[in-house]
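Comments concern the structure below.
The values are calculated or read from the model by the stated rules, or taken from the named source; none is laboratory data. Everything quoted here is computed from the prediction, not taken from an experiment. All Cβ positions, even for glycine, are placed from backbone atoms using ideal geometry, and neighbour counts span all protein chains on display. Protein only, heavy atoms only, side chains kept; ligands, DNA and RNA dropped before computing areas. Shrake-Rupley method; radii C 1.70, N 1.55, O 1.52, S 1.80 Å.
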Amino acid sequence: RVPRRLAAGQAGLTIVIDSRERYPYKFSQQQATTRRQALATGDYAVQHDGEIVAAVERKSLADLVHRLIDGQLAYALADLATIPRAAVVVEDRYSGLFKLEHTQPGFVTEMLAAITVRYPSVPIHFAETRPLAQEWTYRFLGAALAYHQADPPLTGSPA
């Protein structure tokens, strides 16, 4: 059972879901509302004053491996790294990477380690199941918004 409490005390959390997301999380068990719109990067995001302050890219294990091998994951992480807080959530266990067919043991994990080092500001979180990945996404976005509201980045040039 997943606990049913507010993410980082965020009452009325609104999560923006990318309009191209085919089977999005519904967040019906979490205390959040959702809104669909095209996102430049990520599948889920939160905004503050109309600006995206955090985003999460969702991946199945198969999609993660495919995008890692064809190089598209590097582009996605580069885009996510431009957002103040961003992450990738994988709907599977890390151990699933060692059970892949048609790849040498360790090949994909080496690629994943290299891309994680290249983009250290975008963590990749393995959440075991889709419901746990949804819960983690809700918690991450709530915490990122709370952190942003408590310590907003400075804008403009110094006086």
Matching residues, the stretch 73-102, being farther than 23 Å from Thr129 by Cα and without any contact (Cβ under 8 Å) to a residue 24 or more places away in the chain: Tyr75, His102
Residues that are polar (S, T, N, Q) and either in contact (Cβ under 8 Å) with a residue 60 or more places away in the chain or in contact with a strand residue (DSSP E or B) (Cβ under 7 Å, 6 or more places away or on another chain) (or both), drawn from the stretch 128-152: Gln134, Thr137, Gln149
Meets criteria (more than 16 Å from the chain's Cα centre (by Cα) and either open to solvent by less than 70 Å² (accessible area, probe 1.4 Å) or touching a residue at least 24 places away in the same chain (Cβ under 8 Å) (or both)) for Gln47: no
Checking Val117 against (1) open to solvent by 70 Å² or more (accessible area, probe 1.4 Å); (2) among the β-branched types (Val, Ile, Thr); (3) touching a Ser or Thr at 6+ places or on another chain (Cβ under 9 Å), the condition it does not meet: (3)
Count - residues of the stretch 19-51 that are touching a Leu at 6+ places or on another chain (Cβ under 6 Å) and modelled with pLDDT under 95: 2
Residue under evaluation Ala54, criteria (1) open to solvent by less than 20 Å² (accessible area, probe 1.4 Å); (2) at pLDDT below 95, criterion not met: (2)
Residues located in the stretch 72-92, provided they are in contact with a helix residue (DSSP H, G or I) (Cβ under 8 Å, 6 or more places away or on another chain), open to solvent by 20 Å² or more (accessible area, probe 1.4 Å) and either part of a strand (DSSP E or B) or charged (D, E, K, R) (or both): Arg85, Glu91, Asp92
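If only one of Thr137, Thr103 is among the β-branched types (Val, Ile, Thr) and under 11 Å from the mean Cα position of the chain (by Cα), which one is it? Full working, then the answer.
Working: Thr103 fails: under 11 Å from the mean Cα position of the chain (by Cα).
Checking each option against the conditions leaves just Thr137.
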Residue tally, condition closer than 30 Å to Ala150 by Cβ and touching a Phe, Trp or Tyr at 6+ places or on another chain (Cβ under 9 Å), over the stretch 92-120: 0
Flag if Glu101 is charged (D, E, K, R) and assigned to a helix (DSSP H, G or I): no
